[in-house]
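Have a look at the structure below, then the notes.
The values are calculated or read from the model by the stated rules, or taken from the named source; none is laboratory data. Keep in mind it's a predicted model, so treat the numbers as computed, not measured. Heads up, the Cβs are rebuilt from the backbone with ideal geometry, glycines too, and the neighbour counts pull from every protein chain shown. All accessible areas refer to the heavy atoms of the entire protein, side chains included, with ligands and DNA or RNA removed. Shrake-Rupley method; radii C 1.70, N 1.55, O 1.52, S 1.80 Å.
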Amino acid sequence: MSEDLSFFTAYLFVFISCAIGFAFGIYNWIVIRNVEPDNSKRTSSDKKEPLVELKTSDGHSCNEIMIQTSERIQEGALTFLKAEYVFLGVFSALFAIIILFVDRFRFYTTIAFILGAITSTVSGFIGMYVATRANVRVTYKACSGGDALREAFNMAFRGGCVMGFCLVSLALAVLTCIIYVYLAILQPRSIVEFTQMFEFLAGYGLGGSTVALFCRVGGGIYTKAADVGADLVGKNLLGLKEDSPENPATIADNVGDNVGDIAGMGSDLFGSFAESTCAALVVSGTSVGLTSGANFFFPMVLSAAGILVCIVTSFFATNVMAVDKKEKIEVTLKYQLIISTILLIPTIYFVAKFCLPTEFEFVTGQPGSEIIIYSSANKVMICALSGLVAGLIIGYFTDYYTSNAHSPTQELTQACISGAAINIIQGLALGYLSCVIPIISISVTIFISFKCAGMYGIAIAALGMLSNLSTSLAIDGYGPISDNAGGIAEMSELPEEVRELTDALDAAGNTTAAVGKGFAIGSACLVSLALFGAFITRTGMTVVNILEPIQISCLIIGAMIPYAFSALTMKSVGLAASKMCDQVKLQHARGDRDPTECIRISTEASLREMILPGIIVIFTPLLLGGFFGPKAVSGYLAGVIFSGVQMA
């Protein structure tokens, strides 16, 4: 590009894209909301479509049971969110005070942190609200006969779209508004001033990732405790079916699906998106070419273009590819990633050509020993494309190792015949083996990106991987919605053919949820390296020397942290699941079926047990930096990144 990108053009494109994305999310919510299974709430327009009314074997209305079950899931989810958000509010306020103190009472970083935390919280609430209302409508559509499979699939997918498009649009719009305000107030002119402003903006990513940490850990403990507790007692001891209405832990199990894979995963990917964008901005502050005009807006323009591409992609799932057979469910979801990747390749090319100068350079290091990295629009484009393709490869191999359509899972199924011990051994081996190709893909992406544009290239590679984030979140949200739909069908005693249909939707959802986790892990690795690069850029260091005592010592400590973190969370799940098992057995002996006590156990356990892992992760680098300086932190971060990505 011969001329610099204008601020007017950048703001206009980003805000219009965000508005379109948010409107598309609202449109999908309206489509979902217009399906009303409760006859007492149906309006005259609703009644144009005949009500599907089914009865249980003893003459009760299946519709009423469906609605009651869905309302219980909604109440359980709201109970958890209220308790979690109170904790997050208190913790975020205290952490904001610490940031204010460390930043010498300049409010810019603190304000960005608070806005990031609020945006992440609101995004999680929107996803949870929609998912716990879409689930019963998926079940209802599965009962409608005729084109029931397609209607139920579209309903579940639209529920995921609401979360995906609203989250990305909201996150990008809020960040762009912060940039607009800070530019107006600070009016940076020099490299130093731009770098300082971008460091203030990094608080936005920190706020999002802080909320994501607790949502992910708390949601994970909740869902696994409820899942393990319900299955161990319900299936193994009492001989009940999956999601049996006789099991009081079933509602908590269905709430956990939303807590872990909707609120937790949504916050997780929001944190990755916000942090990769902020990291790219921090590194871009060292380039005269990128701080000229609005060229530094490239990460936001790329994400905005991704929203538009994902809207086009979603129409293939709901309007083009008719899901009229069970075999087409998983294929349709896979094609969402493939189509979005294909469409994004030329999009990234044009965005890079339009936003970036033809050639530019980064200056890092201490004064007198500066290191100059030369780059160009074409090289940055390669960085984004490498991240995009790596995301597709990670998604494909995650699907290969988790889908029942491929040999790894089929071989694991055969191992079950030999008993639990063989099954566990084979499962662990399969899990370790599944890391190989994704890690190689990430490594190649890191090498290409670093060679092309240094740490800025790695941040852009992360954004390339997340450029179809709206689609990834839609696919991820589809999983727990369809899982809940199956649970509601079982608890409502619907006919066997309805349960078979929801099971088919759920089976594909389990695989796509794993694909979503693969994206989260891959992008988290790149984002961590990008933030590490931003830290190195700011401190003026050029290398992490493992031959220095403090750095090698802290590197080993950092490599230990993911194991300690995992041990604490696993122990928490075990303790909570044990209490859940005792409660289910007690209620079965008394003939009770009260889900509220099971929900209380999971909620209290998850909120109590997430505190220590969260404190360790957040405050360990602060203590190391405070006592031993930035070299200790650099070694620690390197250890955490390289050990953590393997564990994940």
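Model label points for Glu361 and Leu186, set 7 angstrom from Cα along the Cα-to-Cβ axis, are 2.5 nm apart.
Ranked by the mean number of other Cβ atoms within 10 Å of their residues, highest first, the peptides 224-230, 192-198, 591-597 fall in the order 224-230, 192-198, 591-597. Can you list the residues of the stretch 576-606 with backbone N under 20 Å from a point 7 Å past the Cα of Glu64, pointing along Cα to Cβ? Counting only backbone N, you get 593-595.
Quick one: compute the contact order of the stretch 67-195, relative version, from alpha carbon pairs under 8 angstrom and 6+ residues apart, as a percent.
Working: 68 pairs, mean separation 29.7, N = 129.
Relative contact order, the stretch 67-195: 23 percent.
Assuming charge only on the beta carbon of Lys and Arg (+1) and of Asp and Glu (-1), the dipole of the stretch 56-199 about its Cα centre is about 280 debye to the nearest 20. To the nearest ten degrees, helix 420-433 and the longest principal axis of the Cα atoms of the chain are 30 degrees apart.
In the chain, a dipole from Cβ-located charges (positive for Lys and Arg, negative for Asp and Glu) runs towards its positive end, and of Ala171, Gly260, Cys581 it is Ala171 whose Cα lies farthest in that direction.
The long axis of helix 377-402 is offset from the longest Cα principal axis of the chain by roughly 30 degrees. Can you tell me the FRET efficiency between Ile552 and Ile372 if r is taken as the Cβ-Cβ distance and R0 is 30 Å, rounded to the nearest 0.05? After rounding, the FRET efficiency stands at 0.55. Between Phe627 and Val90, take the C-beta separation as r, use R0 = 30 Å, and let me know the FRET efficiency to the nearest 0.05. FRET efficiency, Phe627 to Val90: 0.65. Sequence-ordered 3J(HN,Hα) estimates for the stretch 198-211 from the Karplus curve with 6.51, -1.76 and 1.60 and θ = phi - 60° stand at 5, 5, 4, 5, 4, x, 4, x, 5, x, x, 6, 5, 5 Hz, glycine and proline given as x. Taking every protein chain into account, the accessible area of the stretch 80-162 amounts to 38 square angstrom per residue (probe 1.4 Å).
The angle between the Cα long axis of helix 107-142 and the main principal axis of the chain comes to about 30°, on a 0 to 90 degree scale. Under a model in which nothing but the beta-carbon of Lys, Arg (+1) and Asp, Glu (-1) is charged, the chain shows a dipole of about 1080 debye around its Cα centre. Extension gain, Tyr400 to Val312, is 29.1 nm, computed as 0.36 nm per intervening residue step minus the present C-alpha separation. Once the convex hull of all Cα atoms in the chain is built, its volume per residue stands at 151 Å³.
Computed from label points 7 Å out along Cα-Cβ, the spacing between Ile422 and Ile16 is 6.3 nm. Working ranking of peptides 160-170, 109-119, 24-34 by packing, defined as the average number of other Cβ atoms within 10 Å per residue, highest first, is 160-170, 109-119, 24-34. A simple spin-label model places pseudo-atoms 7 Å from Cα toward Cβ; at Leu237 and Ile439 they are separated by 3.9 nm. In terms of the mean number of neighbouring beta-carbon atoms within 10 Å, the peptides 350-363, 256-269, 239-252, 558-571 order highest first as 256-269, 239-252, 350-363, 558-571.
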